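This report refers to the structure that appears directly beneath it.
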Amino acid sequence: MSERLSCQQALNAIEAGPLDLPEDVLAHLDTCAACREARVLWLAQEEAPPPLAPSGYFERLPQRVLRKLPSRRTNGTLHHPVLWLAAAGLALALGVGGYLAGRVQNAPVVEATLAKPPTDLNELMPESPFEEDEDPISQLSELSPEDAELVLQRLESTTHP
């Protein structure tokens, strides 16, 4: 290589092997900060082998964790069955008492009753000569000619005194 190494040539050498560099590339790295930074970045990308665990480490792990946990005490953790029976009786008494107290406060239920409906529909509906949707002239056309004549005569007699 030439006396003065270019940055491109130094980067190619760093890319080829950032750990074992020739002397001229090392000399270039002493003078060029950008190439030194590029070498550090290339070294940071190198993968290190995972650390090895001693033999049997994972097989003995559950026993080591269980040894570190506190031991169970059986003397004070269990309660006497009489205490459970007393607690259940107290809960039952409070529940029943609350239910009965709520029933006392309720007002008696009053139900409305309807009068007995009439058996004949004519009792409910008054007699009306005309329905709302019919007019008198349409009813007059439905009568026989003799009945229609009688109705017209009666109307004339009531309107002219």
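The values are calculated or read from the model by the stated rules, or taken from the named source; none is laboratory data. Computed from a prediction, not measured in an experiment: that's the story for all the values here. Note that we place each Cβ from the backbone using ideal geometry, even for glycine, and neighbour counts take in every protein chain shown.
Any idea which residue in the range 19-58 is surrounded by the fewest Cβ atoms within 10 Å (Cβ to Cβ), counting only those that are in a helix (DSSP H, G or I) and of a type in the set (D, E, K, R)?
Out of the qualifying residues, it is E23.
List every residue pair whose Cβ atoms sit under 6 Å apart, with the two residues 6 or more apart in sequence or on different chains, where the first one lies in the range 87-107 and is touching a residue at least 60 places away in the same chain (Cβ under 8 Å) and the second, anywhere, is of a type in the set (A, V, I, L, M, F, W, C).
none
Please determine, by comparing only the residues of the range 67-80 that are of a type outside the set (A, V, I, L, M) and at pLDDT 85 or above, which one is surrounded by the most Cβ atoms within 10 Å (Cβ to Cβ).
R67
Contact list please: Cβ distance under 9 Å, first residue in the range 19-33 and over 17 Å from L43 (Cβ atoms), second residue among the hydrophobic types (A, V, I, L, M, F, W, C) and modelled with pLDDT under 90, pairs at least six apart or on different chains.
Every condition considered, the pairs that remain are D24/M1; D24/L5; A27/L5.
Any idea which of A93, A148, A88 is in contact with a helix residue (DSSP H, G or I) (Cβ under 8 Å, 6 or more places away or on another chain), surrounded by 10 or more Cβ atoms within 10 Å (Cβ to Cβ), modelled with pLDDT of 75 or more and of a type outside the set (F, W, Y)?
Of the residues listed, the single one that is in contact with a helix residue (DSSP H, G or I) (Cβ under 8 Å, 6 or more places away or on another chain), surrounded by 10 or more Cβ atoms within 10 Å (Cβ to Cβ), modelled with pLDDT of 75 or more and of a type outside the set (F, W, Y) is A148.
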